[in-house]
Structures are given as structure tokens and as C-alpha cells.
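What follows is a short report on a single structure.
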4 protein chains.
Amino acid sequence: MAEKLDAQTVREWGRRYSNWGRWGKQDERGTLNFITPARVLEACALPRSGRVISCALPFDQNGPQSGLAGRHNPIHWMLADGGDALAGAQDFLPGGFNYADDAVHMPLQCGTQWDALSHVFYDGKMYNDRDIKLVTSQGARANAIEKIANGVVGRGVLIDLPRFLRIPWLDDGTRIQPEDIDACAEAFGVAIGSGDIVLVRTGMLTRCLEQKSWQGYCGGPAPGLSIHCARWLFEREIAAVATDTWGVEVRPNETPDCFQPLHMISLRNTGLLLGEIFFLDELSRACAEDGRYEFLFTAPPLPITGAVGSPINPLAIK
Amino acid sequence: MAEKLDAQTVREWGRRYSNWGRWGKQDERGTLNFITPARVLEACALPRSGRVISCALPFDQNGPQSGLAGRHNPIHWMLADGGDALAGAQDFLPGGFNYADDAVHMPLQCGTQWDALSHVFYDGKMYNDRDIKLVTSQGARANAIEKIANGVVGRGVLIDLPRFLRIPWLDDGTRIQPEDIDACAEAFGVAIGSGDIVLVRTGMLTRCLEQKSWQGYCGGPAPGLSIHCARWLFEREIAAVATDTWGVEVRPNETPDCFQPLHMISLRNTGLLLGEIFFLDELSRACAEDGRYEFLFTAPPLPITGAVGSPINPLAIK
Amino acid sequence: MAEKLDAQTVREWGRRYSNWGRWGKQDERGTLNFITPARVLEACALPRSGRVISCALPFDQNGPQSGLAGRHNPIHWMLADGGDALAGAQDFLPGGFNYADDAVHMPLQCGTQWDALSHVFYDGKMYNDRDIKLVTSQGARANAIEKIANGVVGRGVLIDLPRFLRIPWLDDGTRIQPEDIDACAEAFGVAIGSGDIVLVRTGMLTRCLEQKSWQGYCGGPAPGLSIHCARWLFEREIAAVATDTWGVEVRPNETPDCFQPLHMISLRNTGLLLGEIFFLDELSRACAEDGRYEFLFTAPPLPITGAVGSPINPLAIK
Amino acid sequence: MAEKLDAQTVREWGRRYSNWGRWGKQDERGTLNFITPARVLEACALPRSGRVISCALPFDQNGPQSGLAGRHNPIHWMLADGGDALAGAQDFLPGGFNYADDAVHMPLQCGTQWDALSHVFYDGKMYNDRDIKLVTSQGARANAIEKIANGVVGRGVLIDLPRFLRIPWLDDGTRIQPEDIDACAEAFGVAIGSGDIVLVRTGMLTRCLEQKSWQGYCGGPAPGLSIHCARWLFEREIAAVATDTWGVEVRPNETPDCFQPLHMISLRNTGLLLGEIFFLDELSRACAEDGRYEFLFTAPPLPITGAVGSPINPLAIK
């Protein structure tokens, strides 16, 4: 189709697929509002086996970051350790009893994470008509991650595209369309509805782990959601979407004059929670084993005050 | 009672209440092993309302840390923000589209957190007969937090002692005994069994927030579990225990020659997960409202490789 | 005198005592330009004894910072240490040979330091007509500290006011006037001229160390330079001025509607290098001993690219 | 020559070239003791032009570090900036006056730096018979960098080997022998004596900058001082030696069973200050221009308490 996609499209679709004001002028939770208590209860009824699966990549120096945008892998160090005990450096503690402590320095977007609703913006505004002047060196005074401290709990659905397509991973540049997601869901016998948390597996992370190379993972060409998913995400009332890629969206982007256009539409206007760098391989195997692609899903952010994102350890409970 | 409690008691009780080898020589999960898949399923059946409650204190400069043991409150800063957008510093991005990013430096024990099974040790050994030489500046090569990445999910029980005793908070120095816990549980109509995650509210954090002072919170006198809970925790097969205090245990400690003796027995020998600085006030109100003190509880650590603890956002799903 | 000092004064005096353009439109060194090679040579001829005195406060957790403006004391930790060697954690190195490494996290304004010419600004401009849009999360793209990497070397002069006045320290709130500086210099037999680096000792830091309390040191009432020094600093062609206080200037400030007005005039308009938290007690004693209040002075910043300040270890060579 | 060099050589030469006890049992300054006040005065008399040259590489993300040994390039960020001012985030300051602040996280060995006398050790001991148990997570309680806070000031000598040999840089693996240094010094008309600070330029850093690649710079093959320099450094009573390479010594090392043997002998036993990653290109040109290879040299460390090294900005004053 000869449709032209550009910055104008982004602004126009932003207006179309906007939830600004839908949950009041003060709202800072966006599409998480779709997860009503009733839906939490329904999600709790999903597990059949009691198996718990982590969707987090380990947080360490083997992570994907390359320095792009000042993001580096987590730096972890010890404040006290067993070596100190051996050296007698803890002899201020009586009786030969000792301890270890540690610390971390991490960009909040360095690994498995949620983007807060203050993460992207344009024309001076972020989600729900909030001024970007509220996001300064002092942190985000609106739409910050701690506003969703009691989320994210709901029904999770895995869209396992490589398994559906019987390929190890999608090619870089593959544009995932709404109909691809629907076809995959139908094939695996799972419906997607309002308030769902949709995990889209592209296999890109599988490839990086298998090839032991993160080359291109951060910001390079990647499979991902097409900008055309914006309408689908809006109309289906998706609560959150996450992928095993760096940035959810297909790369190169479909809009030459807008970087990460789906973020701009869906995060800023729809108020949609976006999750990135999810490790979905173990979950993929588990779903294939029992044939069930829905599960109770929990992924609360660390409520770091004023943060525009948070590292997380998402759990699928099957 | 004239019983003498000292370092010898700690070592003796450590032998008595030991789970070393119980789940194999390679085990690094300790009492989380009590949470079988069947128990996860049972826990998923507990919610009635679908209400989700966070038990995390916000992670920021208003936190409790005073510098003791090199622990400071989380330091959060921006790598990119709205001010940059206003200044044109993001004009390398086309079309007027912008973003914010951030980072954190935090001791892993600074706020709401789990202690890993490598957090305390004595006589050269930590949980499951592992040498403390495995815990160095390079991190913990055994019993580290990432080994429980797919925990902690199970049945949570709130032991709300101030509410039970109709007082705002327990006095500093109050030794909480097993019979206190049992009496409280019975009064609120909840049984405690194998694999449970027990949240003990003392009200100390309530007091600090109300008085707007963390004076003494970190390491000072505090209400907390008596060393006599070690046997109860072991025999009841508790999976994890957490409090709204700095260190779970009563302070001053009951053993003049051992700092934090319950840690030494229960974490090192029993292999028990200990949680600290839990914010239990909202959960307290919610349980009082619906009269149900049990709930589905999730509190996965961030899988920071080699870490001896992790900040968490624990959720109670009622 | 009934003179009214306010924000208007600051703007007016800024225009009067401006060096914008004096050393060209591209200049980013400000008054350091007064230190010509000839003056460096003259300074090298000053030493008589060969004694070297550090004017830095140790960088550690005992420093003065209280958290004001997000400034904390330096956090130092080990990446490798002797305990690791004992624990065998360095056995990847053959032969029993080991090492230690470490790291630091420090606000650049936390201790003995220079303010860069990008440190303060108003009306959208900093020194030499540069736009403040050049100072963003990406650092300062103009007037940054690395632009003076080959400074600061010159003739230093100590103005030891407490010794001159025969008091242990100046009272908080004492406004140091140009005539006070001149009188002190004359009394100690030292002339102040173009290109000099003037170190003004108030004794405030002496008091804090003696009383073992930093209470009020950071941002509280303090002795310091009066705003009336702006003209003197400009006309005398001082290259840099530093004190043993938090902020050079008298506190409370003399302008109710402008915080740190001397910074605004002298740093922004005059292009003067300001030094803070200098430890001048040992230097005070040394100058009293030999009766010479001039010396070769070196205090190069760390050339941290884009930084708006730098910790330093200033040396007086007598 | 068929001489066998190994760990035994290192221990034997360590005994031969030891200064332990030479300046007393309490000494923590090592060979800096050779720089007497008289020699400082002599050094102050060296400058002829008043030109000041920085020998520091900029501290930023373009630095040489690759992650080896947990060392990364400096991470710099803003705590307050011009963008904040534009966003109104500093409106708590009256009158439209604003400021910028910043912070850094840096391994102390990441750039131009001195190794402290606690940086390397073996057989349980570091310089001057101090136990390595004094170097733990709490920092170095002996031989730490702050013990030389009032150094390093003295006579500097540039040994510009590429210029002497009329090549752009020495090949990787080139072993620099004492006679090479002496020949170069003689050719450039400069004598090397007790208390001198010797800067050895290999051109390796020149090459990296020219080729815009740090590949191999950190820990890879490199030109550098042969282990045979240990005797020369000891007998000549050199106060400090620094190079434009990562680790002073030739790489691969001449001892298969000892990593960085010259460090082990000269730093640990001789008590010699070692400097690394010095930027000597501008100094090289300046010395060639005026034909003088000696100068006043200052390079004080930041007195970070307990540190085993320090970033520095060394200055040559000609």
C-alpha cells in the first residue's frame, strides 16, 4: 500500500487513539485502568500448574547495553563481603558473625523494564496533557513510575510468533501487524481482550543469546510492532504490551521523520505501558508444553520516586 | 526465665534448625522450596476482591537510611529529560519527538528488600555449607539473589500485632514470641502453615512515618522477632518472613555477643528468606476492612547477578 | 549606608564588571587569561623552602555535605581488595600476585572544588554570552571545566583574616569587604595584583573541624565576601578566588531576591574562577611560620568533559 | 640472554630492590621521600617559558576502558542544568538566577592516574611490610592515596622514545631497557637523578588516538618497561615513573607466572609511585620545540580516603 507514514501521521493517530481525560484529568495510570479488580480476579483463576516463570534477563555486565543514549549494563559492587570477614575487617561485630552487603548503579532502562508514561513526549506534552516541564533533573513530577506501584497484575497472553511461524526468530525489520497477532492468538487458542497484558515474542533475544552477541540489539534493525498496531492496541483496550526486543517497535521505524513512532502514539496518547527486553524463551517453552498461552502475570515496578522507568522481574504464573 | 542466650546458643540452635542438605547439596533456594506448585495454586485461589496492594516504601531520598554500614538512600538522576527537549539538546531526534531516561545508585539493602541466603554467615560458612570465600568483591558465586528469580510467589499472611493489641505500635525492644504470632493469627482467623510467607507488622514504620523521623530506625532499638522464633520458623516450615522494621529481629538483640542472631540461625542454617522495611500499613487497613488476613503474595527480586539482596515491590492480591 | 542591593543591582553590576568579549568571543577561560606565562614564571620564583601544602579536605563520608541540592559526600568502594586475595577470588592471576582497585561516586561540588564558568547563569546566558541551552543532561558544551585543563597555576596569596584579626574565626554573616582584604594583605606584607589567585581564610572550616560539626556549613549563615567585592575582583584582575566556606559569599546574602549574587556577577560576567571548601589551616600555620603569604599555587581541575565543576587538590608551594 | 624470568625472580628482586623500612616502619610515601624540599626548590627553578601543559586524557566516555577488571570509562551526569532553568524547575530560586551541578561515577584507575602503594601485593604483604588485611571493602587503611596528598611535586623528565628513535610509536611488546632510557636522556641532554619523576612516552596512546581505536590498549600487548628496569629505578632513586600506556610495563609480561611483575617489585618493594594513561603528546611537542626535556611537574592525587589510586591532571610547567 502506498500509504505515507510520517510525523504528521504520528500526530494525527495520536489524536485518534488518545485516552487523555478518559480516566480523569488527574490520571497517571493510563491503560492500567483497564485492569479492573474483577479482571485481576479472573487472572488469578488462570493458573493450572502453579509453575512460576521469570521473564527477566539477569541484570549484569553481560546485558545488552552498548552505551547508546548513555545506557550501560548494571554495575554491581560489594560494600561488605566474605573476604572482609577473612581479613578481620568485620571484627567490630562480636562472636565471629559476619555479613555481606552490596549496591548497584543502573540506568533504569538497561534491562527488562517498563517505560513510565513520562518516558516519551512531543509538542511540549506527555500523557494526559501534562507539560514536559514536569520532567527535569529533579525527576518526573507527573506520570512517574511510582504512580503504578500497585500494578502490574493481570491476565498475560503470550504471542509466540516464531513458534507460530515455525522459525527460530523473526528477521530484523519484520513489521508485526495486528492481523499477525490475531492469527497467532487464534492458532494457539487464546483470545485477547480488554485489560490484557500482551507479551510478543519475536525471537530476537533468543538469537542474541544463541549467537552470544548483542550486536545491533540496542537501537539497530529489529523485528517489532508496526505503527499500524496503534489502532489495534487502542481499540482492544490492551493494558500493556511487551516484547523481547530493545524497543517494542519495528526498526528501522516506518516513519523517517519520527523515532519510535508507536511509543509516541501509544505511550503518550493512548497511555499504554510498554515493556522491553523481556526474556520470553522459558515462557515460550512452558506454553508450548501445556498448550496454554494465558496466565496470571505480575510485574510491579520498583516505586523509585520520579522515575521514568523501572527494571522489573515479570512473573508468569501458569 | 533465666535462660542464657549467647553466641553458643546461636551455633547450637543453628545446628538444630538447619535445613542444610534437605533439598540437596546444590540447593540455593532454601525455604522457598516449601512453596510447591500446588501451594502456588492454592494461593492463587485466595483473592476475593481483586484488590492489589503494594508493600514497598517509595525508593527515594526520604527513605530510612542514615549511612549505617555504608547504606544510603537511593540516588536517582536523569540522563535525558523534558528540560533537554526545551533546550534543543535532543534535536538529533527528528520531528520534535523527545524522551526521558534515568538511572539509580542504590545499596540493595536500602529499602523494602529481601536478604539473599548469602547475606549473613559465620565460621566460614553460609547456607547449605557454602564457603564464604564465594562471596567477594566479584559478588556471591553461591546463594545469590538471582537463584530465586522465579520466586517469591505464594500464600501471604499478615500478622498485624498493633491491631491485635489495639495499640498504634509496639514499643522498641518488644520481643515477639511464637505464641504472640499464633495468638494474633488465631484472633484474626488465619492459620499458618508450611510454605507460608509471614508478614509481621510491628507498627514501627507507621510511627516513623507519623512522627516524620527515622531516628533510630536503622539499627537502633526496635520491636522484632525474638530469637525463640527460630524453632517456630523452622518447625512451621515458613517460606519467608518479613517485617516493617530495619532488621526483622528485636533490638537490642537478646545475645550480647552476637549481632542479629536470628539472621544467623534462620537465614544461614534454616535457609529462610528474610524481608525488611516492608510497608504494611495499607495492607493492614485492607485486611481489617475485609477481615481476611491471607492473600496471594508476590515479591520477586530483581535478578541482579551475584547480589546478596534485592530491592522489591511486594504485592498482596486480595 | 542605605544602599539598596537587589536583583537589579546584580544585573547592573554584572554589566559593569563584565569581561565578555575581552578575550574574544570564543573564550572559555575567563580571568585565568590574566595568568600570562610571564606571571607563571614569576610565581615559580616565589618558593623559598620547597615545602608543599595541600589545601584539600579529604574526600570521604566525613565531608560537609548534608544532601542540599542533591549533593552528598563521596561514596568510595572497592572493586578488588586484599580480602578477595585471601578468599582466593584472584586465583585467575598466577603465582599468588594480587591487586586492589576501587571506584568513587561523587557530586563534583561535594568537596574542595572549582566552579566552572558554566556553573551559574541568568536571563538565559552564562559567561561570555553563551546560551544556557548549552548546559543540559549531556553536560556543558561551553564553559566546561575541561577548557581550563592546563590551569590553574600561578601566584597564590593567602588572606588570613582570623589571624589578622586575632580571632579563631569570623562570625557567621560577616561581610568581608575589599578594604578588609587590602588591610589584611598590607598587614602581612603582601601585595595583590593582576593574575593572582586569592585564598581567603574565614576560619569557618576550622570551627567545623574543631567542633566536629558541619551543621549549617552547607548553605547556612556563613562569613564570606560581600557583593561589594565584585568591583574589586574585577578591577584588580584577580584570576581566581577561593575560601574555606561552602560558597565564597557571605550568607545570608545581601540581596533578598538573588541567591549567591557574587557568583552571578563575578562568575557569570567577570568570568572569575571560584573555589570552595578549601582547607587553609595548614597553609595558615605555614605562612605564619615563615611570614610569607605568597606562594606558587597549582590547582588543576580533573578534565571531566562537560563538567560544571571539579574536585581538586590545590597545592601551595612555599 | 637465556636468563629465566619468573615468579621466583619477582620475589628475589623484590627483596633486592626493597625500600621497606628505609624511611621508618610507619612510612606510607615510598619513593616520594626522595623528593626533598631542596629538590622541590630546584624543580621550581626549571621553568623558562611559563608554559603549562596538561598530561591528562579527558575523563569521559571516549576513554580507553573496555570493562576489563570492572573498569569502565567515567560516567558523568547533571544534577541541575540549563534545561531545568528553562523548564522552571529552579523557580524556588528567586529573581531568575539559576545554576548547574553535576556528578561522576568513575573507577579510580579508569584514566590518567597514580597507583597508590596499596594497589598491588603478594604473599600477604604490601609496601613496607603492611598486611593486605588492611585493604578490604572499607578501603585501604594503610598506603592509601591520601597519604601522599601533599605530593607529587618535583622535577619531571620526559623520555620521548618515539622521537628519539624517529618512529611514530614503539611496537607492541617492545621491552624498554634501562639503557634505552639512558640513551634517550643523553640524546636529549637531560640527566636523570634521585627524586626525579620520569615520564616515558611510548607513543601507544598517540597511535590509539590517531587510529581512533582503543583496541588492545587495556591489558593487551603493549610497549613498556622491562622487568630489568626494576634495578635501575631502585638504584637511581626515581620518585615516580609514568607512561602513556595502560600499565607501565611491557605486555605480554616477561614472566609467564606473574602478571605485571614490575608492579610487584617496584611498587610493592621499592615503594615506587606508578602513573598510567598519561597523555604525553603535547608535552612531547613542547619539549621538542624548546629542546628542554626537564620541567617542574605537579600531579597531586585527589585525597580520597582509603583509595588505592586516584585520577589526576598532571601538569608540566616549562
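The values are calculated or read from the model by the stated rules, or taken from the named source; none is laboratory data. Owing to the predicted nature of the structure, the values given are computational and were not obtained by experimental measurement. Cβ sites come from the backbone with ideal geometry, for glycine too, and all protein chains shown count toward neighbours. The area values use the complete protein model at the heavy-atom level, side chains included, leaving out ligands, DNA and RNA. Shrake-Rupley method; radii C 1.70, N 1.55, O 1.52, S 1.80 Å.
Overview of results
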item	result
Residue list for the stretch D:211-234, filter: of a type outside the set (A, V, I, L, M) and either without any contact (Cβ under 8 Å) to a residue 40 or more places away in the chain or under 16 Å from D:L161 (Cβ atoms) (or both)	D:Q211, D:K212, D:S213, D:Q215, D:P223, D:G224, D:S226, D:H228, D:C229, D:W232
Verdict on C:E249 being of a type in the set (D, E, K, R), open to solvent by less than 10 Å² (accessible area, probe 1.4 Å) and more than 10 Å from chain D (Cβ to nearest Cβ)	yes
Filter result for the condition that a residue is part of a loop (DSSP other than H, G, I, E, B) and either open to solvent by less than 70 Å² (accessible area, probe 1.4 Å) or not hydroxyl-bearing (S, T, Y) (or both), over A:Q8, A:Q26	A:Q26
Selection count where residues are more than 21 Å from C:L296 (Cβ to Cβ) and within 13 Å of another protein chain (Cβ to nearest Cβ), scope the stretch D:279-307	6
Failed item, numbered, when A:I159 is tested on (1) hydrophobic (A, V, I, L, M, F, W, C); (2) open to solvent by 10 Å² or more (accessible area, probe 1.4 Å); (3) under 22 Å from A:I181 (Cα atoms)	(2)
Among (1) more than 17 Å from B:A144 (Cβ to Cβ); (2) within 14 Å of chain C (Cβ to nearest Cβ); (3) in contact with a strand residue (DSSP E or B) (Cβ under 7 Å, 6 or more places away or on another chain) - the single one A:G83 does not satisfy	(1)
Selected residue [at pLDDT 95 or above, in a strand (DSSP E or B), in contact with a strand residue (DSSP E or B) (Cβ under 7 Å, 6 or more places away or on another chain) and on the phi < 0 side of the Ramachandran plot] from D:A242, D:A286, D:A307	D:A242
Residue ID - farthest from the other protein chains (Cβ to nearest Cβ), chosen from residues in the stretch B:29-55 that are assigned to a helix (DSSP H, G or I) and open to solvent by 40 Å² or more (accessible area, probe 1.4 Å)	B:N33
Considering residues of the stretch D:56-69 that are within 30 Å of D:R268 (Cβ to Cβ), at the interface with another protein chain (Cβ under 7 Å from one of its Cβ atoms) and surrounded by fewer than 19 Cβ atoms within 10 Å (Cβ to Cβ) only, the residue farthest from the chain's Cα centre (by Cα)	D:G67
Strands (runs of 3 or more DSSP E) within the stretch B:88-134 that include 3 or more residues touching a strand residue (DSSP E or B) at 6+ places or on another chain (Cβ under 8 Å), at the interface with chain A (Cβ under 7 Å from one of its Cβ atoms) and not acidic (D, E)	B:97-99, B:101-107, B:120-122
Members of the stretch C:209-231 that are in a helix (DSSP H, G or I) and surrounded by fewer than 19 Cβ atoms within 10 Å (Cβ to Cβ)	C:L209, C:E210, C:R231
Residue in the stretch A:170-193 that is farther than 20 Å from A:T245 by Cα, in contact with a Pro (Cβ under 8 Å, 6 or more places away or on another chain) and among the small types (G, A, S) present	no
Answer residue from the stretch D:12-23, given it is open to solvent by 70 Å² or more (accessible area, probe 1.4 Å) and charged (D, E, K, R) and is farthest from the other protein chains (Cβ to nearest Cβ) among those	D:R22
Breaking point among (1) within 13 Å of chain C (Cβ to nearest Cβ); (2) open to solvent by less than 10 Å² (accessible area, probe 1.4 Å); (3) within 24 Å of B:A142 (Cβ to Cβ), for A:G139	(3)
Qualifying residue in the stretch A:249-264 (condition: part of a strand (DSSP E or B), in contact with a helix residue (DSSP H, G or I) (Cβ under 7 Å, 6 or more places away or on another chain) and closer than 25 Å to A:G21 by Cα)	no
Selection count, the stretch C:169-198, where residues are part of a loop (DSSP other than H, G, I, E, B) and either closer than 30 Å to C:A307 by Cα or touching an Asp or Glu at 6+ places or on another chain (Cβ under 8 Å) (or both)	7
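Okay, residues lined up against (1) under 17 Å from the mean Cα position of the chain (by Cα); (2) of a type in the set (S, T, Y); (3) modelled with pLDDT under 95:
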residue	(1), (2), (3)
A:A149	yes, no, no
A:R163	no, no, no
A:R166	no, no, no
A:Q177	no, no, no
A:A187	no, no, no
A:S194	no, yes, no
A:I197	yes, no, no
A:G203	yes, no, no
A:E210	no, no, no
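Yes or no, residue by residue, for (1) farther than 26 Å from C:V52 by Cα; (2) of a type in the set (D, E):
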{"site": "C:A142", "(1), (2)": "yes, no"}
{"site": "C:G151", "(1), (2)": "no, no"}
{"site": "C:R155", "(1), (2)": "no, no"}
{"site": "C:W169", "(1), (2)": "no, no"}
{"site": "C:T174", "(1), (2)": "yes, no"}
{"site": "C:E179", "(1), (2)": "yes, yes"}
{"site": "C:G189", "(1), (2)": "no, no"}
{"site": "C:I197", "(1), (2)": "no, no"}
